[in-house]
Amino acid sequence: MLNRHMKRALIGLPILLFIILNTYLFLLNESLFASEKPYDVTKIEQHDLRETIEAAGMVIPKETQEFYYEPHRGNIEEVLVEEGEEISSGTEILKYQTSDIENQITTLENEIDELETEKDYYEDRETILQGQIRTESNKEEEEKNESNIFMLEQQKADAAYQADRVDSLISSKESEISLLESRLDEKVVKSNVAGTVKKVNRNATSSDQPLVVISSEDNVIVRAYLSEDEVVLLREGDEVTVSSPRGEDRKGQIAKIGTPDEEKEDLKFPVDIEVEAESENRALVGSTVNITVKPVAVEGAVAVKHDWIVHDDGEDFVLVVKNDYIDKRKVSFGFENETYKEVTKGLKAEETIVMKPNVLLVDDMEIETKDTGKKKKSDSKVKPDSDEQKGEGSTEENPESAVEIEDEDEGTE
């Protein structure tokens, strides 16, 4: 029994040794000739990195006006519109009771009429006294009575004073009427938008529920609610893609970023989006859509693609190419999106790196690059100690051969 197992082991041992030897030779070959393969390189440039924000939104009327009961205006006398009615801007919607103001105006108008009569009396008296003074003054000297003329002039002056006093009273009461009429105008509430009367609630006697709601369904916007972390990246005018459940995409832009309702715990910010005009298949008010916006998250970032990074023993590196030699550079990252990572430490703009690095490439190894057209020198075995030494006797890199960072995601890098 034992001999049978030993025979099997003796038969399998050469096979195992053969596999191990071939694997070793393969890895050794790959390592020895890793530098001989031509590699794509790219010159690092600064770019704006973008964040993709996706959220659900709802189609709402762009112009909506709600009318609430306002106690300071008095009691509601009449609601002047009906549900479903099409109205224009300036249409009268509500009317508050005006009887008290109208009574005050009527009283003042009656008082003005009386004062006008009194004013006419004094003006007529002034005219009569002026005639008497003229008649008395035209008499012959022996018949003229100076004391009588003086008395008439005094009476005329008093009549003129009384006429001016009454005129001032009339002006004052006319001002009171103007003020009351302006208050009377406040008793009638008019619409500022054109649209359809969507709701009429005549029983709404508190300020919590609207009496009348008017909206225009022909002019709509999309409203989404976003978190504070998201809205800090947004600006009014940013472009947005709006997708309907039917799979139709339309362009839009952020029109307004509102303030959150502080009474709610989540503190979501309302973001209103104007969508390009729709000639057909117009989105219905109340329907749900998806929005996608890609705002700039980091400006002028030094960035690398995910597959340009070498992961070694829990740390991240990029392979910088300097005079055809590898500089295995440890790097740190900041913001990242689906395509790029921001390099916060370890790499500068204008440096050249290997785009798809081989894990067998090591520090100080001389390599052949595909796009620069530079070949590994067969007689060069040792990396120069300095950039000056590396530059001696070597051909300068062709700057036009650097592969620029592609703009793959509509400006999102």
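Computed values, structure above
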{"read-out": "Sites matching GluC sites (Glu not before Pro) across segment 76-162 that sit in DSSP coil, with at most 11 neighbouring C-beta atoms within 10 Å", "value": "GLU82, GLU140, GLU141, GLU142, GLU143"}
{"read-out": "Above-threshold pairs, the threshold being 20 Å between Cα atoms, out of LYS95/LYS190; LYS322/LYS348; LYS37/LYS341; LYS62/LYS95; LYS294/LYS348", "value": "LYS37/LYS341; LYS62/LYS95; LYS294/LYS348"}
{"read-out": "Solvent-accessible surface (1.4 angstrom probe) belonging to ARG202, in square angstrom, nearest 10", "value": "120"}
{"read-out": "Euclidean distance of C-alpha centroids, segment 296-356 and segment 163-225, integer Å", "value": "64"}
{"read-out": "Global geometry of segment 200-355, whether rounded, prolate or oblate, following the gyration tensor of its Cα atoms and the 1.5 cut on a/c", "value": "prolate"}
{"read-out": "Packing rank of 345-358, 249-262, where each peptide gets the mean count of other beta carbons within 10 Å, highest leading", "value": "345-358, 249-262"}
{"read-out": "Of LYS43/LYS330; LYS187/LYS268; LYS187/LYS256; LYS43/LYS251, pairs whose Cα-Cα distance is over 29 Å", "value": "LYS187/LYS268; LYS187/LYS256; LYS43/LYS251"}
{"read-out": "Sparse-neighbour loop sites [GluC sites (Glu not before Pro); segment 171-243; at most 13 other C-beta within 10 Å; DSSP]", "value": "GLU236"}
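The values are calculated or read from the model by the stated rules, or taken from the named source; none is laboratory data. These figures come from a predicted structure and were not determined experimentally. In this analysis, Cβ positions are derived from the backbone assuming ideal geometry, glycine residues included, and neighbour counts consider all displayed protein chains. What goes into the accessible areas is simple: the full protein's heavy atoms, side chains included, and nothing from ligands, DNA or RNA. Shrake-Rupley method; radii C 1.70, N 1.55, O 1.52, S 1.80 Å.
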